[in-house]
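The values are calculated or read from the model by the stated rules, or taken from the named source; none is laboratory data. Computed from a predicted structure; not experimentally measured. Every residue, glycine among them, receives a Cβ derived from its backbone with ideal geometry; neighbour counts consider all protein chains shown. Ligands, DNA and RNA are stripped out before the accessible areas are found, and what is left, the full protein with its side chains, is counted by its heavy atoms. Shrake-Rupley method; radii C 1.70, N 1.55, O 1.52, S 1.80 Å.
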Amino acid sequence: MTGAAGARPAAGPGTRARRIAVIGAGPGGLYFAALAKRAAPEREITVFERDGREDESGFGVVFSDETLDGIAQADPQVFAAIGAEFARWSDIDVRYAGGVRTSGGHGFAALDRNRLRAILRERCAELDVDVRYRTTAPPVERLAAGYDLVVAADGIRSGTRATYPEAFRPDADERHCRYIWLATDKVFEAFTFIVERFDFGTLQVHAYPYSATRSTFIVEIAEDAWRRAGFEALAAREFARGESDTESVRRCAELLAGHLDGHRLIPNASRWIRFTTVRNARWHHRNVVLLGDAAHSAHFSIGSGTKLALEDALALAAALGEQPSLDEALVAYEAERRPVVESTQRAAQASLEWFETVGRRTGQDIDRFAFNLLTRSRRVTYGNLRARDAAFVDAVDTAFGGSPGVPPMFRPLKLGALELRNRVVVPPLATFTSSDTLPGAFDRAQLTGHALGGAGLVLAGMTAVSAEGRATDRCPGLWTDRQEGAWRELVRAVKAVSDTPLGIQLTHAGRRGATAVPGPDGIGRPLAGGWPLLSASAIPWDADSPVPHEANDFQLAAVTADFAAAAERAARAGFDVLELQFGHGHLVSSFLSPLTNQRTDRHGGPLAHRLRLPLEVLTAVRAAWPAGQPLLVRISASDWAPGGTTEAEAVAICRALAEAGADAVDVSTGEVVAHQRPPYGRGYQTPFAELVRSATGLPTVAVGAISGPDDANSVLLAGRADLVAVGRAQLHDPLWTLHAAADQGYTGPGARWPEPWLAGSRKPPGPGADRVAPRLQLLREPPAPVHRRWLPTPPEE
Ligand SMILES: Cc1cc2nc3c(=O)[nH]c(=O)nc-3n(C[C@H](O)[C@H](O)[C@H](O)COP(=O)(O)OP(=O)(O)OC[C@H]3O[C@@H](n4cnc5c(N)ncnc54)[C@H](O)[C@@H]3O)c2cc1C
Ligand SMILES: Cc1cc2nc3c(=O)[nH]c(=O)nc-3n(C[C@H](O)[C@H](O)[C@H](O)COP(=O)(O)O)c2cc1C
């Protein structure tokens with residue numbers, strides 16, 4: 001028996017962990033051991049670490065101010081020790097296209113990862129934690145039997161996780177870029193992103209100082225560019241344990257010599273690897289709990305791995321103290337940490353995808369590129385960048401053709417011959433209140449409300465081009481004179497009180513038709529006594545849905561003619577803008593997606609064939625719709641299901657739509673197949689708008705969980721889209737746009753309050769608005785400077 005498993009029986013529920021085994025003396029394992037021992041000195045804590053005490057791995061780690069607060073509170077002694085070694089600065093430098101742009105006010109602290117481990121190790125020794133180096137942990141089952149609690153802090157390749165796959169249900173997502181983790185003796189003054197274009201592709205560096213003599217220097221490159229650059233050939237040999245790929249390091253130094261100013265790149269077991277995002281459905285199993293990288297990983301580009309591991313340690317140690325039983329402590333630990341980790345992982349995912357696709361933005365000028373890079377994870381926004389360093393955002397604003405004081409969302413846009421006063425769109429939001437296929441009183445009320453609410457463009461919800469094309473029996477249509485008259489009357493009524501341009505979305509719902517009004521999930525169940533459905537192929541939406549007919553040529557010609565006729569009626573009814581619904585699994589969408597189009601005729605097979613119906617419809621509508629009046633097309637740029645529309649296809653579709661006369665694409669995703677798995681989250685569809693815009697040059701509308709004005713400003717200023725469509729948030733607050741103007745102190749022509757409401761155009765004072773804070777300090781601390789750089793005194797020779 002190893003010394004691990006003692007004679008004492010494991011504690012059952014209702015008792016707190018007295019004997020604890022920790023697997024791994026990384027920052028997570030050591031910090032947990034120190035905190036848990038400090039909280040209850042009677043605990044026996046043993047840490048197993050397979051590497052030696054002095055084995056060095058990695059270089060510097062960087063923290064934000066927020067994490068530091070947690071560390072400061074939890075163990076002031078550890079905080080004082082690491083604080084004394086910090087490199088501190090506040091700037092981010094973006095080096096790109098031969099220039100540098102700097103954004104200040106961020107607040108970073110970094111230190112040598114090995115010093116961090118040494119400080120934590122010393123703290124463990126002081127507290128009498130038994131840390132055993134060069135000791136591989138005994139099998140976890142054995143530890144679990146002999147200890148009250150086993151903390152698996154055994155890193156990203158956790159053996160513990162692999163021992164209980166059914167309990168933890170891990171998911172390891174290996175990403176597309178290659179990276180190599182290095183240091184340099186060039187001391188960067190700030191967090192530095194370097195993005196360099198070469199003939200083989202784009203290469204990026206994430207660099208930051210961590211001492212008076214060193215910086216971390218991570219080189220990252222997309223897989224195909226990595227091959228073209230010759231790295232694959234250099235890396236194609238066996239490396240001994242701990243050996244570095246010195247040839248690749250030399251090549252990196254050559255390529256990046258212009259940024260190294262004669263300094264060296266310093267490897268330490270450095271080789272090209274791919275980042276793996278680790279997620280686990282559960283973090284604990286009986287008395288075994290995962291912590292740090294073993295439980296979750298987050299891409300290094302947001303510098304959060306060590307931070308998360310330390311925060312986990314803090315939460316677990318606290319839960320053991322606060323909860324009455326071990327079981328409850330483990331549940332509380334996971335409940336506290338999971339939302340934080342998932343939110344960080346969402347940000348890290350957006351960030352890593354941004355770098356994987358960095359080539360999409362390398363056509364941008366440096367100001368916009370720098371802003372785009374800084375806002376890539378969606379955590380840093382226009383608003384908080386402005387609060388940190390207003391001069392930086394002003395400079396980007398100006399480069400974007402705006403003037404400081406005019407938020408990007410309030411800049412005008414010319415679409416066709418129509419000038420929109422700002423960049424906010426109310427997307428199609430069906431009301432499902434029609435009777436007898438006519439727009440009803442609520443449609444009028446909703447459109448009036450939104451037209452008065454300040455958006456630059458308001459679109460009416462889906463409107464069927466034929467009776468069979470309705471999604472539900474409460475949807476309006478536009479195929480009869482009576483419907484046209486009702487819409488004309490509605491448009492006249494809205495325009496009597498507002499000059500906001502109005503548009504309408506035309507659709508044939510295809511196999512998504514004949515449903516009841518959708519429930520809270522947005523999906524309508526099949527309507528009893530519905531009508532026959534048409535689709536590209538005879539595949540039902542789901543097991544409960546009727547099988548649609550595969551549309552024949554005769555039916556498709558009729559559909560095309562219906563769209564064109566409805567477009568003419570929409571123009572006569574007074575609409576300024578038309579949107580065609582080519583997404584969300586409706587009839588035209590069913591032709592585009594390979595998941596719903598399995599035809600073998602001229603409309604099936606390769607994309608060029610699948611595009612036939614969409615292009616025929618668009619061409620017919622363009623001819624029927626007045627020249628100069630904007631024509632938008634909504635697409636689902638991804639089906640969020642294996643085998644669905646690819647990014648390359650989405651781009652090709654949009655190129656074809658542009659050639660056939662679309663003025664802009666409203667870039668949505670999903671709702672094409674019932675088994676979709678969209679990664680819902682703030683702005684989750686925006687990368688597709690950016691993809692289409694950068695690849696085709698076509699104006700795009702970004703849509704989907706763009707909930708705040710800050711998100712809208714970020715999307716626009718980064719050049720991810722030309723317009724932002726805000727749906728549910730404008731149902732929550734139909735005056736969303738005007739309120740956004742008031743909140744941002746904007747009063748120009750981009751936000752026009754209705755005359756009769758002008759008295760309400762200023763935000764009403766809230767409770768306490770007239771309260772003036774008394775002086776609380778004798779000497780006020782001067783505000784922190786916006787730009788703080790790391791300028792250490794060089795050590796003496
Ligand atoms: C390129 C790169 C850059 C990074 N930059 C940053 C950064 O700037 N900021 C930041 O916060 N994070 C950064 N990270 C992430 C950071 O390194 C990790 O997230 C962090 O070290 C996780 O701590 P941990 O304690 O969970 O695991 P680890 O530090 O991986 O420690 C796990 C330990 O367990 C030991 N072990 C494993 N199995 C056994 C066993 N069976 N028996 C005994 N011992 C075992 C290992 O030897 C290891 O020492 C970066 C990561 C990479 C790859
Ligand atoms: C009540 C409601 C009705 C909707 N109706 C339509 C519609 O008729 N046509 C359409 O393409 N999308 C429709 N959508 C989707 C929205 O246009 C938009 O794409 C979606 O709500 C995501 O944006 P959001 O996160 O800002 O709400 C509807 C959404 C809601 C909530």
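Within segment 477-488, restricting attention to residues that are open to solvent by 40 Å² or more (accessible area, probe 1.4 Å) and part of a helix (DSSP H, G or I), which residue is farthest from ligand 2 (Cβ to nearest atom)?
The extreme case among them is Asp481.
Condition (residue is under 30 Å from Ser351 (Cα atoms) and over 24 Å from the mean Cα position of the chain (by Cα)) applied to segment 610-632: is it met by at least one residue?
Yes: one or more hits.
Closer than 25 Å to Ala36 by Cα and either of a type in the set (Phe, Trp, Tyr) or touching a Gly at 6+ places or on another chain (Cβ under 7 Å) (or both) - does that describe any residue in segment 176-195?
Checking segment 176-195: not a single residue is closer than 25 Å to Ala36 by Cα and either of a type in the set (Phe, Trp, Tyr) or touching a Gly at 6+ places or on another chain (Cβ under 7 Å) (or both).
Of all residues in segment 124-138, which are in a loop (DSSP other than H, G, I, E, B) and surrounded by 15 or more Cβ atoms within 10 Å (Cβ to Cβ)?
Matches in segment 124-138: Leu127, Val129, Tyr133, Thr135, Ala137, Pro138.
Being assigned to a helix (DSSP H, G or I) and charged (D, E, K, R) is the filter here; which residues of segment 355-367 pass it?
Glu356, Arg360, Arg361, Asp367
Does segment 297-318 contain any residue that is within 22 Å of Pro165 (Cα to Cα) and in a loop (DSSP other than H, G, I, E, B)?
Scanning segment 297-318 turns up at least one residue that is within 22 Å of Pro165 (Cα to Cα) and in a loop (DSSP other than H, G, I, E, B).
Would segment 286-299 turn up any residue that is on the phi < 0 side of the Ramachandran plot, open to solvent by 10 Å² or more (accessible area, probe 1.4 Å), touching a His at 6+ places or on another chain (Cβ under 6 Å) and charged (D, E, K, R)?
no
Can you spot a residue in segment 54-71 that is more than 35 Å from the chain's Cα centre (by Cα), of a type in the set (D, E, K, R) and more than 21 Å from Tyr208 (Cβ to Cβ)?
Yes; the residues of segment 54-71 include at least one that is more than 35 Å from the chain's Cα centre (by Cα), of a type in the set (D, E, K, R) and more than 21 Å from Tyr208 (Cβ to Cβ).
Going by the structure shown, is Glu42 touching a residue at least 12 places away in the same chain (Cβ under 8 Å) and more than 16 Å from ligand 1 (Cβ to nearest atom)?
The answer is yes for Glu42.
Go through Arg421, Arg444, Arg474 for me and flag whichever is of a type outside the set (Gly, Ala, Ser), open to solvent by 30 Å² or more (accessible area, probe 1.4 Å) and under 23 Å from Gly704 (Cα atoms).
Arg421
Somewhere in segment 104-111, is a residue among the aromatic types (Phe, Trp, Tyr) and within 28 Å of the chain's Cα centre (by Cα)?
Yes, segment 104-111 contains a residue that is among the aromatic types (Phe, Trp, Tyr) and within 28 Å of the chain's Cα centre (by Cα).
Would it be correct to say that Pro412 is open to solvent by less than 30 Å² (accessible area, probe 1.4 Å) and touching a residue at least 40 places away in the same chain (Cβ under 8 Å)?
No.
Out of all the residues in segment 604-614, is one or more open to solvent by 20 Å² or more (accessible area, probe 1.4 Å), within 20 Å of Val672 (Cβ to Cβ) and assigned to a loop (DSSP other than H, G, I, E, B)?
yes
Would you check which residues across segment 517-541 are within 12 Å of ligand 2 (Cβ to nearest atom) and surrounded by 13 or more Cβ atoms within 10 Å (Cβ to Cβ) and list them? Steps first, answer last, please.
Our first condition is that a residue be within 12 Å of ligand 2 (Cβ to nearest atom); within segment 517-541, this holds for 517-524.
Those that are within 12 Å of ligand 2 (Cβ to nearest atom) and surrounded by 13 or more Cβ atoms within 10 Å (Cβ to Cβ): Val517, Pro518, Ile523, Gly524.
List the number of the failed condition for Asp562; all other conditions in (1) modelled with pLDDT under 95; (2) assigned to a helix (DSSP H, G or I) hold.
Asp562 satisfies all of (1) modelled with pLDDT under 95; (2) assigned to a helix (DSSP H, G or I) except (1).
Confirm whether Thr277 is open to solvent by less than 10 Å² (accessible area, probe 1.4 Å), β-branched (Val, Ile, Thr) and more than 19 Å from Tyr210 (Cβ to Cβ).
Yes.
Being within 29 Å of Val195 (Cβ to Cβ), within 14 Å of ligand 1 (Cβ to nearest atom), modelled with pLDDT under 90 and hydrophobic (A, V, I, L, M, F, W, C) is the requirement here; does Phe63 meet it?
yes
Determine whether Val491 is among the β-branched types (Val, Ile, Thr), within 16 Å of ligand 2 (Cβ to nearest atom) and within 28 Å of Leu418 (Cα to Cα). Even if it seems obvious, please write down each step before you answer.
Values: among the β-branched types (Val, Ile, Thr): yes; within 16 Å of ligand 2 (Cβ to nearest atom): no; within 28 Å of Leu418 (Cα to Cα): yes.
No.
Could you say which residue among Ser434, Ser466 is within 13 Å of ligand 2 (Cβ to nearest atom), open to solvent by less than 40 Å² (accessible area, probe 1.4 Å) and of a type in the set (Gly, Ala, Ser)? Don't jump to the end; show me each part of the working.
Working: Ser466 fails: within 13 Å of ligand 2 (Cβ to nearest atom).
Within the list Ser434, Ser466, the selection yields Ser434.
Among the residues of segment 494-514, write down those that are open to solvent by 20 Å² or more (accessible area, probe 1.4 Å) and either assigned to a loop (DSSP other than H, G, I, E, B) or not basic (Lys, Arg) (or both).
Residues satisfying the conditions are Ala496, Val497, Asp499.
Just to be sure I understand, how many residues within segment 515-535 are assigned to a loop (DSSP other than H, G, I, E, B) and more than 32 Å from the chain's Cα centre (by Cα)?
Selection size over segment 515-535: 8.
If I filter segment 585-594 for residues that are open to solvent by 10 Å² or more (accessible area, probe 1.4 Å), touching a Ser or Thr at 6+ places or on another chain (Cβ under 9 Å) and over 21 Å from Thr700 (Cβ atoms), do I get at least one hit?
The answer is yes; a qualifying residue exists.
So how many residues does segment 141-170 have that are of a type in the set (Gly, Ala, Ser) and open to solvent by 60 Å² or more (accessible area, probe 1.4 Å)? Steps first, answer last, please.
Of all residues in segment 141-170, those of a type in the set (Gly, Ala, Ser) come to 144-146, 152-153, 155, 158-159, 162, 167.
Within this subset, residues satisfying the condition of being open to solvent by 60 Å² or more (accessible area, probe 1.4 Å) are 145, 162.
The qualifying residues number 2.
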